[in-house]
Structures are given as C-alpha cells and as structure tokens.
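The structure under discussion appears below in the form of structure tokens.
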Amino acid sequence: MQQSVFDLMQQMGHEQVVFCHDPHSGLNAIIAIHNTTLGPALGGTRLWNYNTHEEGIIDALRLSRGMTYKAAISGLNLGGGKAVIIGDAAKVKSEALWRRYGKFVDSLNGKYITAEDVNTSARDMEYIALETQSVTGVPEYMGGSGDPSPFTAYGVFVGMKASAKKVWGNDSLSGKKVLVQGVGHVGQYLVGHLIEEGAKVYITDINQDKIKQTVDKFRSVEVVDGAKIFDMEMDIYAPCALGATVNSESIAKMKCPIIAGAANNQLADENVHGPMLVEKGIVYAPDFLINAGGLINVSAELDGYNRERVMGNVEKIYGRTLEIYDLSEQENIHTQAAAIKLAEKRLQDIANVKARL
Ligand SMILES: NC(=O)c1ccc[n+]([C@@H]2O[C@H](COP(=O)([O-])OP(=O)(O)OC[C@H]3O[C@@H](n4cnc5c(N)ncnc54)[C@H](O)[C@@H]3O)[C@@H](O)[C@H]2O)c1
C-alpha cells in the first residue's frame with residue numbers, strides 16, 4: 001500500500017478502523033467506521049478473498065464512506081460503517097467464525113451495527129446475533145427483516161425509471177435494452193422488475209449457476225459473454241456485481257445513455273470518471289443513492305419493522321434521483337458530486353443541530 005492506513009483515514013475522513021484476528025476460527029476482519037454524526041455506523045460485512053490485505057483495507061474504507069453518504073442522503077439517522085472478512089467464502093464460513101466476529105462487533109458497544117453483504121447471508125447474521133445485538137438483516141423468524149436484496153433491487157429499479165425520465169422524458173422501461181451485470185441476490189430481483197415492465201433484459205455473470213437460475217426463472221433473458229458487454233449497444237447498463245466497473249477503459253467503449261445499478265463504488269475514481277461520463281453524455285445514477293433500499297429496510301429493524309413504511313421510503317429514491325439530476329445541472333457538477341454534496345449538507349446541518357442545546 002503506497003499510503004499508510006492513517007493517511008487514507010485522514011483523506012477519506014474515517015473515525016476508526018478495527019482489525020480483528022482469531023487464529024482458532026481463522027477470522028481476519030477489518031471493521032471501518034467512517035462517520036457517526038447521524039447515529040451508529042450501520043453497514044454490511046463482506047466476505048471476499050482479497051489478493052492482499054491492503055485491498056481488503058481499501059475496500060472497507062471506501063465502502064464505509066459510501067455508507068455514510070447512503071444513510072445521509074436517504075434521510076436515515078445512521079452513520080456509515082462497513083466490515084470485510086478476508087477469506088474464501090467456500091472454505092472459511094463456520095459457526096465459530098461468525099460468533100467470534102459477533103463478539104468483536106459487540107466490543108464496539110453499538111457504535112457499529114452489521115448486516116449482510118456480498119457472500120454473507122441472513123443465516124450468518126443469525127450466528128452473529130448469538131453474540132451481539134448490533135446486527136440487522138437477521139431472518140424473519142427471529143424478528144428481523146430478512147434478506148434486504150428485494151428492497152435494494154426495487155430502489156435500483158425506481159432509480160432507473162427516474163433516470164429514464166431524465167433522458168427520454170418518460171419513465172417507462174418497456175422495450176429498453178438493459179444489461180444486468182451480476183445476477184446474484186439483487187440482480188435477480190432486478191431482472192424480475194425489468195421483465196415485468198417489458199424491458200429487453202441481457203444478463204452476464206461469472207457464476208454459471210447464477211446464469212442458469214436466472215434463465216430458468218426468466219425465460220426471455222439473453223445471456224451475454226462478460227468480456228463483450230461493452231461492445232454491445234444498450235439503453236441501460238446496470239452494474240450489480242462488484243465495484244469499479246466504470247473506469248477509463250470501459251467508459252471509452254460504452255454505448256449506453258444510462259448507468260444505473262446496485263453495486264457499491266461503481267466509479268473506479270469518482271473525480272476522474274464522474275466528469276468523464278458527463279463529457280460522454282452518459283447519465284449516471286449515483287450508486288449510494290439508488291442502492292439504499294436494503295439499508296432503508298435493515299435500518300427499519302432498529303425502530304420497529306413495518307414493510308409498508310419501508311416500501312414508501314424506498315420509493316422516495318425516484319424523486320431524490322431526479323433532485324440530484326437537477327442539482328447536477330444547476331451547479332454544473334457530475335451527478336456523483338451532486339449526491340455527495342447533498343449528503344454532506346445533511347451531515348453538516350445535523351452536526352450543527354446536535355452541537356446546540
Ligand atoms: N444485497 C443488497 O441488499 C445490497 C445493497 C446495496 C448494495 N449492494 C451491492 O450490490 C452488488 C450485488 O449484491 P448482491 O447482494 O446481489 O451480491 P451477490 O454476491 O448475491 O451477487 C453478485 C453477483 O455478481 C457476480 N459477479 C461477481 N463478479 C462478477 C463479474 N466480474 N462479472 C459478472 N458477474 C460477477 C457473482 O457471481 C454474483 O452472482 C454488490 O456490489 C453489493 O455490494 C447489495
């Protein structure tokens with residue numbers, strides 16, 4: 001890593017980073033707490049086989065910052081945090097690992113609340129819940145809100161419709177060509193909404209089982225080779241796998257007027273690729289704005305879960321997306337910068353409220 005963890009924390013504005021190690025269960029985890037101005041830092045735990053520990057640290061730092069903005073822009077009284085566990089999901093998962101991890105989360109006394117993320121499930125949260133109350137996304141039969149993915153997918157869908165309204169003056173996705181990259185938890189629910197709306201859906205995934213599941217469920221989808229996705233013309237590119245797929249190389253090839261998907265940190269470097277998209281005339285729906293449905297859902301567990309209220313809050317993503325597009329035009333800034341500006345304004349406003357009697 002070229003810069004130290006402290007340099008990165010200072011640059012990105014982090015409060016705390018916790019390294020957790022347990023040789024018995026094989027746990028190596030990093031919990032990054034970005035900002036707790038609005039409330040406890042809520043964010044999922046990602047299990048991923050990073051090539052180096054540095055990659056894991058950087059992922060945790062970037063993802064936790066995104067969570068601060070996601071909660072702030074969604075009007076939630078929550079801060080931003082995220083954790084990564086380094087390891088191969090097929091090998092490291094065990095009751096002992098989750099429970100030991102739960103103890104580490106508990107040692108933070110409510111400052112960090114965890115949830116699901118890539119490669120972690122409601123079942124894993126159940127083990128964590130044996131050791132701490134600082135966990136959301138536990139199964140419904142335990143009084144939790146269950147899998148957040150359908151809510152995330154619905155938020156992405158309404159964000160996509162708002163983007164269509166911006167570009168075509170009409171929010172119907174009927175007949176539009178949409179490429180969903182990554183048909184995991186969120187991607188498959190998103191495909192369902194798109195098919196129902198009458199869109200022409202293309203899918204790609206590195207996991208053939210996920211492709212098969214999706215094709216079995218939705219016969220009309222067309223499978224595309226992952227290496228060729230940017231060779232095709234499409235109306236909407238929906239990144240629903242991992243981050244940084246919007247980079248100099250992909251933007252140069254892209255033939256689509258809209259990018260709207262669920263993945264976190266889609267822009268490899270927001271300062272470079274945000275403006276590059278504007279130049280190319282591609283409307284980018286800020287990731288942390290339109291993928292907030294899952295966070296809105298799990299956060300509802302903290303103050304008494306009510307599905308209708310959650311759906312109502314997720315639907316607000318439509319109006320907020322249009323608001324961000326307006327702000328981006330008025331201020332002549334790219335859409336990710338506009339979304340960050342609005343989130344930072346709320347953070348400052350509420351910090352000011354909290355500082356007064
Ligand atoms: N689950 C949620 O509620 C939620 C909420 C907010 C953001 N997100 C983000 O959305 C994304 C998807 O989340 P998920 O819960 O569906 O995860 P998931 O692990 O269930 O699905 C991800 C899918 O992407 C595929 N994939 C990985 N690399 C790929 C590549 N290079 N090309 C094509 N496919 C690839 C995987 O095989 C998998 O099927 C993640 O970035 C996650 O952080 C998820």
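Numbers at a glance
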read-out	value
Count of residues meeting criterion [within 17 Å of the chain's Cα centre (by Cα) and surrounded by fewer than 24 Cβ atoms within 10 Å (Cβ to Cβ)] in region 155-180	1
Matching residues in region 264-313 - criterion: being within 16 Å of the ligand (Cβ to nearest atom) and part of a loop (DSSP other than H, G, I, E, B)	Asn264, Asn265, Gln266, Ala268, Ala285, Pro286, Asn291, Ala292, Tyr305
Members of region 222-231 found to be without any contact (Cβ under 8 Å) to a residue 40 or more places away in the chain, in a helix (DSSP H, G or I) and of a type outside the set (A, V, I, L, M), listed by number	Lys228, Phe230, Asp231
Conditions (1) within 22 Å of Val298 (Cα to Cα); (2) modelled with pLDDT of 95 or more; number of the one not met by Val180	(1)
Hits in region 94-123 (condition: without any contact (Cβ under 8 Å) to a residue 60 or more places away in the chain and either within 16 Å of the ligand (Cβ to nearest atom) or small (Gly, Ala, Ser) (or both))	Gly102, Ser107, Ser121, Ala122, Arg123
Pick from region 232-263, criterion assigned to a helix (DSSP H, G or I) and away from the ligand (no atom under 15 Å from the Cβ), ranking: surrounded by the most Cβ atoms within 10 Å (Cβ to Cβ)	Ile251
Residue list for region 182-224, filter: within 15 Å of the ligand (Cβ to nearest atom) and within 25 Å of Lys280 (Cα to Cα)	Gly182, Val201, Tyr202, Ile203, Thr204, Val224
Val201 vs. criteria assigned to a helix (DSSP H, G or I) and either hydrophobic (A, V, I, L, M, F, W, C) or surrounded by fewer than 20 Cβ atoms within 10 Å (Cβ to Cβ) (or both)	no
Residue match in region 62-76 (condition: within 15 Å of the ligand (Cβ to nearest atom), within 15 Å of Ile30 (Cβ to Cβ), of a type in the set (D, E, K, R) and part of a helix (DSSP H, G or I))	yes
Which numbered condition Thr132 fails, given (1) within 20 Å of the chain's Cα centre (by Cα); (2) in a loop (DSSP other than H, G, I, E, B); (3) surrounded by 21 or more Cβ atoms within 10 Å (Cβ to Cβ)	(1)
Total residues in region 135-176, condition assigned to a loop (DSSP other than H, G, I, E, B) and β-branched (Val, Ile, Thr)	2
The lone exception for Leu179 - which of (1) under 26 Å from Val310 (Cα atoms); (2) within 16 Å of the ligand (Cβ to nearest atom); (3) in the same structural domain as Met234 (by TED's automatic domain parsing); (4) outside any helix (DSSP H, G or I) it fails	(1)
Where Ile31 falls short, out of the listed (1) more than 14 Å from the ligand (Cβ to nearest atom); (2) at pLDDT 95 or above; (3) part of a loop (DSSP other than H, G, I, E, B)	(3)
Set Ala338, Ala300: member being modelled with pLDDT under 95, of a type in the set (A, V, I, L, M, F, W, C) and crowded, with 19+ Cβ neighbours inside 10 Å	Ala300
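The values are calculated or read from the model by the stated rules, or taken from the named source; none is laboratory data. Small disclaimer: the values here were computed from a predicted structure and weren't measured. Cβ sites come from the backbone with ideal geometry, for glycine too, and all protein chains shown count toward neighbours.
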